[in-house]
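Read the structure below first, then the notes.
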Ligand SMILES: Cc1cc2nc3c(=O)[nH]c(=O)nc-3n(C[C@H](O)[C@H](O)[C@H](O)COP(=O)(O)OP(=O)(O)OC[C@H]3O[C@@H](n4cnc5c(N)ncnc54)[C@H](O)[C@@H]3O)c2cc1C
């Protein structure tokens, strides 16, 4: 079943936090917070999947928390269990024959600091440098969190599809690999099922050149459209030219026919 961010629907007076300036006393606010969140810190990938499976529908994965925690604070997501992936060693960038593996917990800062990515996939550090939000977001936000949030107006989904990245997902039965083009099922919706989380991203070695542009309303806004073009020399890939654009609001990352 595709995973959609479980946000609460339209504000319900009895269940959604409202500040006192809107006429609700602090006591009434506390009464509306009718759940308690427990932070879970699994020490192994299997334990993380077991927690997510056991508490399916009540659990959220914590990446950098730059999106999840504000949404929980606003009661747009209610999670009784937050499964914290820190401590699982998922923040490394490793070069293999044929691909680079990026741990899902690698931050934008990690992408910027990686000499492997600078050489093998320079589009990723280029993208990370352009993320709005400054050092706070770059130091905390993870590539995995951004992929799993699947915000159609963010930078990561289009870039992953354009680079032909494979997403390595971990569940109760172990790993499975999903092409980026299949991982993003729609706005804020991914291919993740109950018990699964994103463990790493595999970026194939493909020599070529990239073009990248995002349209923003102003310097400090999130992008509203992200467009990527990758051009590979003959023989580097079966599709000599790949292009991807993320469109809002009717969005899915698309790979048009080569031109
Ligand atoms: C001020 C500000 C400006 C920003 N500007 C931009 C911008 O210009 N471009 C852009 O692309 N993005 C931007 N972002 C978003 C940024 O990319 C976030 O860092 C990212 O979307 C979320 O990353 P995170 O690691 O903090 O995820 P979290 O907030 O921890 O999680 C986000 C969602 O993904 C889930 N999740 C996290 N990790 C995993 C995992 N490994 N497996 C399964 N599910 C997981 C969480 O449960 C949650 O639903 C901005 C954010 C802020 C706060």
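Results, tabulated for the structure shown:
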| quantity | calculated |
| --- | --- |
| Likely footprinting exposure, 232, 205, 96, 170, fewest C-beta neighbours within 10 Å first | 96, 205, 232, 170 |
| Full-stretch length increase - residue 216, residue 44 - with 0.36 nm per residue and alpha-carbon distance subtracted | 58.0 nm |
| Residue order, fewest to most beta carbons within 10 Å, for 155, 84 | 84, 155 |
| For 215, 160, 90, order by how many other beta-carbon atoms lie within 10 Å, fewest first | 215, 90, 160 |
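The numbers here are math on the coordinates, done by the rules we state, and not lab data. What you are looking at is a predicted structure, and each value in this text was computed from that prediction instead of being measured. All Cβ positions, even for glycine, are placed from backbone atoms using ideal geometry, and neighbour counts span all protein chains on display.
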